[in-house]
Amino acid sequence: MSVLRTVTAGLGAAALLATPLALATATPASAAERQFRCAGSPVDFEVEKDDGRYEVDVDLDGRRGDQWRITLRQDGGVFYNQVRRVDADGDIDVDRTRPNTAGRDVFKLTVKKIGGPAACSSTIAFR
């Protein structure tokens, strides 16, 4: 009976130790974020890989009524290109979902204030 208790206790302890280790080593969704300023306005550019797809988010804070051209590219191809106006809350939000392509995925954001200085850009790459 003593051997059975020892084996049972050992298996129970192993199960308790293995569960947190399995959770700790689970692969989290990968994400990358870039923050920069363009024409005096802060821009947040984030790409997150989740369930085999990419979630691309752009948040630009500016003066109400200002217009900005926002261009998003994946692997060199344009998938979003629009002129947007800063809303009453003082921001522009762009959220897009993109497929995972073969090989390395490179996302590039370019923002340009209409009537403002030169365009600004940032790049995020995933393997």
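The values are calculated or read from the model by the stated rules, or taken from the named source; none is laboratory data. Keep in mind the model is a prediction, meaning the values are calculated, not measured. So basically every Cβ, Gly included, is an ideal-geometry build from the backbone, and we count neighbours across all protein chains shown.
Among (1) within 17 Å of the chain's Cα centre (by Cα); (2) β-branched (Val, Ile, Thr); (3) at pLDDT 95 or above, where does residue 101 come up short?
Only one criterion is unmet by residue 101, namely (3).
Listed here are the residues, each with its yes/no results for (1) assigned to a strand (DSSP E or B); (2) modelled with pLDDT under 60; (3) within 20 Å of the chain's Cα centre (by Cα); (4) farther than 17 Å from residue 114 by Cβ.
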residue	(1), (2), (3), (4)
9	no, yes, no, yes
16	no, yes, no, yes
22	no, yes, no, yes
32	yes, no, yes, yes
44	yes, no, yes, yes
58	yes, no, yes, no
65	no, no, no, no
94	yes, no, yes, no
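Give the number of residues within region 106-127 that are over 15 Å from residue 61 (Cα atoms), part of a loop (DSSP other than H, G, I, E, B) and aliphatic (A, V, I, L, M).
2
Right, residue 69: surrounded by fewer than 18 Cβ atoms within 10 Å (Cβ to Cβ), in a loop (DSSP other than H, G, I, E, B) and either without any contact (Cβ under 8 Å) to a residue 40 or more places away in the chain or not hydrophobic (A, V, I, L, M, F, W, C) (or both) or not?
Values: surrounded by fewer than 18 Cβ atoms within 10 Å (Cβ to Cβ): yes; in a loop (DSSP other than H, G, I, E, B): no; either without any contact (Cβ under 8 Å) to a residue 40 or more places away in the chain or not hydrophobic (A, V, I, L, M, F, W, C) (or both): yes.
Spelling it out, it is not the case that residue 69 is surrounded by fewer than 18 Cβ atoms within 10 Å (Cβ to Cβ), in a loop (DSSP other than H, G, I, E, B) and either without any contact (Cβ under 8 Å) to a residue 40 or more places away in the chain or not hydrophobic (A, V, I, L, M, F, W, C) (or both).
Those residues that are in a strand (DSSP E or B) and surrounded by fewer than 13 Cβ atoms within 10 Å (Cβ to Cβ), I need them from region 72-84; list them, please.
Quick first cut of region 72-84, residues in a strand (DSSP E or B) only: 72-74, 77-84.
Within region 72-84, 77, 78, 81, 82, 83 meet the criteria.
Could you give every pair whose Cβ atoms fall below 6 Å, whose first residue belongs to region 50-62 and is in contact (Cβ under 8 Å) with a residue 40 or more places away in the chain and more than 21 Å from residue 89 (Cα to Cα), and whose second residue is outside any strand (DSSP E or B) and not charged (D, E, K, R), counting only separations of at least 6 or pairs across chains?
Filtered contacts from region 50-62: 52/100.
For residues in region 85-112 being in contact (Cβ under 8 Å) with a residue 12 or more places away in the chain and among the hydrophobic types (A, V, I, L, M, F, W, C), which is farthest from residue 52 (Cα to Cα)?
Restricting to residues being in contact (Cβ under 8 Å) with a residue 12 or more places away in the chain and among the hydrophobic types (A, V, I, L, M, F, W, C), the top hit is 88.
So which residues in region 113-127 are under 26 Å from residue 49 (Cα atoms) and of a type outside the set (Ser, Thr, Tyr)? Before you say what the answer is, go through the steps one by one.
So the first thing to find is which residues in region 113-127 are under 26 Å from residue 49 (Cα atoms), and the list is 120-127.
Of everything in region 113-127, those that are under 26 Å from residue 49 (Cα atoms) and of a type outside the set (Ser, Thr, Tyr) turn out to be 120, 124, 125, 126, 127.
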